[in-house]
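The values are calculated or read from the model by the stated rules, or taken from the named source; none is laboratory data. This one's a predicted model, so the numbers in the text were calculated from it and none came from an experiment. Cβ placement follows ideal geometry from the backbone for every residue including glycine, while neighbour counts extend to all protein chains displayed. Remember, those area values only see protein heavy atoms, side chains included, never the ligands or the DNA or RNA. Shrake-Rupley method; radii C 1.70, N 1.55, O 1.52, S 1.80 Å.
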Amino acid sequence: MKDETLLRYSRQIMLPEIGIEGQERLLNSRVLIIGLGGLGCPVAIYLAASGVGHLVLADFDTVELSNLQRQIIHTNKRIGLRKTESASAAIQALNPEIKVSCISEKMDSDKLHNEAMLADIVVDCTDSFSTRFEINHACVTTQTPLVSGAAIRLEGQVMVYDPNKESCPCYRCLHEHSREGTLNCAENGVGSVTVGVIGTIQATETIKLILGFGESLAGNLLIFDAKYMEWKKLRLHKNPKCSCCSASLPEI
Ligand SMILES: [Zn+2]
């Protein structure tokens with residue numbers, strides 16, 4: 001590792017949980033971030049700052065004025081640009097040592113599966129159930145860990161699917177009966193810092209999964225209420241009838 005790289009990451013290399021070996025592992029990792037909105041912005045900027053070597057950014061939207069209250073990677077000057085291009089510019093300005101790839105069109109199922117397979121971790125920062133189910137399916141099929149976050153109004157939640165952890169529930173185990181509704185930020189609003197808190201936790205879990213230290217959220221649902229500053233951690237169980245992760249398992 002060259003001196004400049006050592007200096008850049010020196011404060012986290014000092015941590016026994018990371019060290020030089022961990023930093024090298026981060027630099028050799030590839031993370032797919034889907035959605036560069038309120039959640040994806042802090043995820044992308046923290047993973048870039050931490051030195052995740054290859055970030056693949058997927059989003060087909062362009063930057064709008066109403067995004068800027070919470071989507072902190074974008075700027076007033078970049079309104080109208082692709083969110084992927086805007087995020088890439090911010091990341092390169094912060095850390096030119098890492099590689100950024102952009103996917104600026106909607107991914108079909110094949111592309112999504114291929115990208116999930118290539119990634120060490122997938123971070124779901126999208127805002128619709130149908131997209132979340134597709135991402136979950138790609139991760140379960142390719143056995144890629146998934147860090148999933150959601151936020152609305154002043155509340156948010158995070159869960160982790162880790163195929164390396166025995167009997168780990170997937171996103172579908174929890175939301176089998178959830179359907180697309182009107183629970184979106186455009187109609188209900190969302191607090192700027194609330195998405196920041198949830199995105200930052202997603203970035204933390206991603207780094208932990210890459211490095212394998214501590215205990216990840218896998219098997220739990222973390223719920224955050226900003227209004228009353230309350231946190232809850234609920235134990236989740238695999239749904240033996242889950243249409244995604246249990247479908248291909250033999251019956252006992
Ligand atoms: Zn499942």
*Taking S178 as meeting all but one of (1) within 14 Å of the ligand (Cβ to nearest atom); (2) surrounded by 19 or more Cβ atoms within 10 Å (Cβ to Cβ); (3) part of a loop (DSSP other than H, G, I, E, B), write down the number of the exception.*
(2)
*State the number of residues belonging to segment 179-209 that are acidic (D, E), in contact with a strand residue (DSSP E or B) (Cβ under 8 Å, 6 or more places away or on another chain) and modelled with pLDDT under 95.*
0
_For the structure I just gave you, tell me whether E134 is over 23 Å from I45 (Cα atoms), away from the ligand (no atom under 13 Å from the Cβ), among the acidic types (D, E) and under 17 Å from the mean Cα position of the chain (by Cα)._
yes
*Considering every residue within segment 149-161, establish whether at least one is in a loop (DSSP other than H, G, I, E, B) and in contact (Cβ under 8 Å) with a residue 12 or more places away in the chain.*
yes
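Would segment 181-202 turn up any residue that is assigned to a strand (DSSP E or B) and either open to solvent by less than 20 Å² (accessible area, probe 1.4 Å) or more than 14 Å from the ligand (Cβ to nearest atom) (or both)?
Quick first cut of segment 181-202, residues assigned to a strand (DSSP E or B) only: 190.
Now restrict to residues that are either open to solvent by less than 20 Å² (accessible area, probe 1.4 Å) or more than 14 Å from the ligand (Cβ to nearest atom) (or both): 190.
Yes: one or more hits.
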*Mind telling me which of the residues L94, L57, L65, L81 ends up being crowded, with 17+ Cβ neighbours inside 10 Å and at pLDDT 95 or above?*
L57
*Test each condition in (1) within 16 Å of the ligand (Cβ to nearest atom); (2) surrounded by 17 or more Cβ atoms within 10 Å (Cβ to Cβ); (3) at pLDDT 95 or above for C245 and report the one that comes out false.*
(3)
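Tell me which residues, restricted to segment 24-45, are part of a helix (DSSP H, G or I) and farther than 17 Å from P96 by Cβ.
Within segment 24-45, the first condition is being part of a helix (DSSP H, G or I), and the residues that meet it are 24-27, 40-45.
Of everything in segment 24-45, those that are part of a helix (DSSP H, G or I) and farther than 17 Å from P96 by Cβ turn out to be E24, R25, G40, C41, P42, V43.
Just for segment 1-22: of the residues that are open to solvent by less than 50 Å² (accessible area, probe 1.4 Å) and not in a helix (DSSP H, G or I), which one is nearest to K99 (Cα to Cα)?
Of segment 1-22, the ones open to solvent by less than 50 Å² (accessible area, probe 1.4 Å) are 5, 9-10, 12-13, 18-19, 22.
Right, trim to not in a helix (DSSP H, G or I) and you get 9, 18.
On the way: Y9: 16, I18: 21 Å.
Among those that are open to solvent by less than 50 Å² (accessible area, probe 1.4 Å) and not in a helix (DSSP H, G or I), it is Y9.
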*Among the numbered conditions (1) closer than 20 Å to K2 by Cβ; (2) of a type in the set (K, R); (3) surrounded by fewer than 17 Cβ atoms within 10 Å (Cβ to Cβ), tell me where R25 comes up short.*
(3)
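In this structure, does L154 turn out to be modelled with pLDDT under 95, open to solvent by 20 Å² or more (accessible area, probe 1.4 Å) and among the hydrophobic types (A, V, I, L, M, F, W, C)? So that I can check it myself, show each step before the final result.
On the way: modelled with pLDDT under 95: no; open to solvent by 20 Å² or more (accessible area, probe 1.4 Å): yes; among the hydrophobic types (A, V, I, L, M, F, W, C): yes.
Answer is no for this residue.
State all residues of segment 129-148 that are among the small types (G, A, S) and either without any contact (Cβ under 8 Å) to a residue 24 or more places away in the chain or crowded, with 18+ Cβ neighbours inside 10 Å (or both); if no residue qualifies, say none. Even if it seems obvious, please write down each step before you answer.
Just the residues of segment 129-148 that are among the small types (G, A, S), to begin with: 130, 138, 148.
Of everything in segment 129-148, those that are among the small types (G, A, S) and either without any contact (Cβ under 8 Å) to a residue 24 or more places away in the chain or crowded, with 18+ Cβ neighbours inside 10 Å (or both) turn out to be A138, S148.
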_Residues satisfying the stated conditions in segment 64-81, i.e. over 19 Å from the mean Cα position of the chain (by Cα) and not hydrophobic (A, V, I, L, M, F, W, C)_ = E64, S66, Q69, T75, N76, K77, R78, G80
